Amino acid sequence: MRTKNVREVALETLLAVEEKEAYSNLLLNNMIQTYRLPKKDVGLLTEIVYGTIQRRDTLDYYLRPFIKKARKLQTWVKVLLRLSLYQMIYLDRIPDRAAIFEAVEIAKKRGHQGIASMVNGVLRAIQREGVPSLDTIVDDIERLAVATSHPHWLVKRWVNQYGIEETKKMCETNLHAPKQTARVNTARTTVEQVIHTLEQEGVEVARGEIVEEAIQAKKGNLAHTQVFQKGLITIQDESSMLVARALGVHEHEQVLDSCAAPGGKSTHIAELMNNTGRVVSLDIHEHKVKLIEEQAKRLQLTNIVTHVLDSRRVADYFAEETFDKILVDAPCSGFGVVRRKPDIKYAKTEADIPALATLQFEILRAVAPLLKKGGTLVYSTCTVDEEENGAVIRQFLQQHSEFILDETLKERLPKKVQPYVHDGQLHLLPHYFGSDGFFIASLRKKV
């Protein structure tokens, strides 16, 4: 295989995201392995790829005046200009001359001297003249959309739901890399022991900010540790850890996780039950069910049972009132995890949201009869959109009088998030704690 330097690999990765709609997080790992990049280059590659995707629309706004209107750029040239400008504007440690030189060399390899000259000319002009000011954009929503590189329709939607100031905070937070956090497997060890062992491995960690079983990486990658390999931790965001807490599970209960892959919440539930009872974990895709099984095996959890099953068909396989607790961690738009998956904000459309809300409601309706009287049904999403969150719950309650909002949810959640719990529902936006945006609602089935 012909070797590629870090910027060439970045270009290949960004092109695959642009043209094939590949998932950036999965693709990046594949590229690192395929091209066997040295460790010192992995951080730069990650920064360039994620940063260029996160700032895509802002970069295009800056580039527009420097590209002739009549010129139809090939996709790879446009992406090369983006990633080069990203380095010039946002990466202080990389001199402009280095970014421009690398861009020109890549243009020569992939194209011809004419393209290389154009790339050099555009980047040199920006170096001399600077980028256009965003202040010339009169409309507040449009200016915020361009400045934070979010689709206009999405910013407008969030402004209608949360107001301009909250939306601005959320959009700005979405531009920054998330913290790496992990959940300690309390069925086998303690937080203190894990922190001590990780420090011996040379990884600097601290306790989490919200959940008691959470730790946060300060230096080093938790996924590359022996502690992870031995099944003592699971990589998971703290907002996501709140979901299992919301269920309030007890030992020996029967619990259904109706949309379980890749298994983070199922395994957390199993740990909180001290490896007793039964957690039935469903997913519609066989390869994703295997991920749940692999997680359970690594964590040495034996109380998880998996099934390949569309959760809208659970009534065909389970009797009514089988489960003490049910979790519906529903498929959603994912707008709460934009920092982790920046391509989401460009891939989704406004038309996707009502379709997702319909699916979410159908899953809730299907699993409801399986819950025992007096049992708890938790609905969660990693999105911040009201149509997928509170609106779905309201519709469900209107059509299912046997359920009520569970006011005791607040008591089961950490003190830090309790102020954000109202009427049995938790709304977490990314800028509250630097964790993922999440929605959790707890419902109780009447006795």
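A few notes on this one:
- Lone qualifier among ARG110, ARG82 - being of a type outside the set (Gly, Ala, Ser), open to solvent by 40 Å² or more (accessible area, probe 1.4 Å) and closer than 24 Å to LYS4 by Cα: ARG110
- Which listed residue, of MET88, MET118, is touching a helix residue (DSSP H, G or I) at 6+ places or on another chain (Cβ under 9 Å), at pLDDT 95 or above, of a type outside the set (Ser, Thr, Tyr) and farther than 12 Å from ALA10 by Cβ: MET88
- Candidates are the residues of segment 412-447 that are free of Cβ contacts under 8 Å to residues at least 40 places away in the same chain and in contact with a strand residue (DSSP E or B) (Cβ under 6 Å, 6 or more places away or on another chain); the one that is nearest to CYS171 (Cα to Cα) is TYR420.
- Members of segment 268-314 that are open to solvent by 70 Å² or more (accessible area, probe 1.4 Å) and among the aliphatic types (A, V, I, L, M): ILE284, LEU291, VAL308
- Selection within segment 223-241 - modelled with pLDDT of 95 or more and closer than 28 Å to SER380 by Cα: PHE228, GLY231, LEU232, ILE233, THR234, ILE235, GLN236, ASP237, GLU238, SER239, SER240, MET241
- Residue match in segment 127-146 (condition: among the basic types (Lys, Arg), loosely packed, with under 14 Cβ neighbours inside 10 Å and under 24 Å from ILE67 (Cα atoms)): yes
- Some residue of segment 141-149 being under 18 Å from ARG56 (Cα atoms) and not in a helix (DSSP H, G or I): yes
- Enumeration of residues in segment 32-53 that are more than 20 Å from the chain's Cα centre (by Cα) and either on the phi < 0 side of the Ramachandran plot or in a helix (DSSP H, G or I) (or both): ILE32, GLN33, THR34, TYR35, LEU37, PRO38, LYS39, LYS40, ASP41, VAL42, LEU44
- Any hit, segment 386-396, residues being within 30 Å of LEU28 (Cβ to Cβ), in contact with a helix residue (DSSP H, G or I) (Cβ under 8 Å, 6 or more places away or on another chain) and of a type in the set (D, E, K, R): yes
- Subset of segment 54-70 (residues that are at pLDDT below 95 and β-branched (Val, Ile, Thr)): ILE67
- Residues in segment 62-91 that are over 26 Å from the mean Cα position of the chain (by Cα) and of a type in the set (Phe, Trp, Tyr): TYR62, PHE66, TRP76.
Table: residues versus (1) open to solvent by 40 Å² or more (accessible area, probe 1.4 Å); (2) more than 21 Å from ALA244 (Cβ to Cβ); (3) of a type in the set (Asp, Glu).
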{"position": "ILE393", "(1), (2), (3)": "no, no, no"}
{"position": "GLN398", "(1), (2), (3)": "yes, yes, no"}
{"position": "ARG412", "(1), (2), (3)": "yes, no, no"}
{"position": "LYS415", "(1), (2), (3)": "yes, no, no"}
{"position": "GLN418", "(1), (2), (3)": "yes, no, no"}
{"position": "LEU426", "(1), (2), (3)": "no, no, no"}
{"position": "TYR432", "(1), (2), (3)": "yes, no, no"}
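- Every residue from segment 317-353 that is open to solvent by less than 60 Å² (accessible area, probe 1.4 Å), in a helix (DSSP H, G or I) and not aromatic (Phe, Trp, Tyr): ILE344, LYS345, ASP352, ILE353
- The number of residues in segment 1-30 that are open to solvent by less than 60 Å² (accessible area, probe 1.4 Å) and modelled with pLDDT under 85 comes to 6.
- Applying the criterion of at least 3 residues that are touching a Lys or Arg at 6+ places or on another chain (Cβ under 6 Å) to the strands (runs of 3 or more DSSP E) found wholly in segment 363-447 leaves 371-381.
- Any pair with Cβ under 7 angstrom, 6 or more apart, that starts in segment 315-337 at a residue that is farther than 23 Å from PHE438 by Cβ and ends at one that is among the aliphatic types (A, V, I, L, M) and part of a loop (DSSP other than H, G, I, E, B): TYR317/LEU309
- Taking each residue of segment 111-137 that is closer than 21 Å to ARG97 by Cβ and looking for partners that are assigned to a helix (DSSP H, G or I) and among the small types (Gly, Ala, Ser) with beta-carbon atoms closer than 7 Å, six or more apart or interchain, yields ILE115/ALA107; ALA116/ALA107; VAL119/ALA103; VAL119/ALA107; LEU123/SER84; LEU123/ALA103.
- PHE66 being open to solvent by 50 Å² or more (accessible area, probe 1.4 Å), farther than 22 Å from LYS20 by Cα and either of a type in the set (A, V, I, L, M, F, W, C) or in contact with a helix residue (DSSP H, G or I) (Cβ under 6 Å, 6 or more places away or on another chain) (or both): no
- Tally of residues being over 23 Å from PRO178 (Cα atoms), of a type in the set (A, V, I, L, M) and open to solvent by 10 Å² or more (accessible area, probe 1.4 Å) across segment 237-266: 1
- Output for segment 170-194, where each listed residue is among the β-branched types (Val, Ile, Thr) and crowded, with 18+ Cβ neighbours inside 10 Å: THR173, THR181, VAL184, VAL191, VAL194
- For segment 23-62, the candidate set comprises residues that are touching a residue at least 40 places away in the same chain (Cβ under 8 Å) and among the small types (Gly, Ala, Ser); within that set, the residue that is nearest to TYR86 (Cα to Cα) is GLY51.
The values are calculated or read from the model by the stated rules, or taken from the named source; none is laboratory data. These numbers come from a predicted model, not from an experiment. So basically every Cβ, Gly included, is an ideal-geometry build from the backbone, and we count neighbours across all protein chains shown. Protein only, heavy atoms only, side chains kept; ligands, DNA and RNA dropped before computing areas. Shrake-Rupley method; radii C 1.70, N 1.55, O 1.52, S 1.80 Å.
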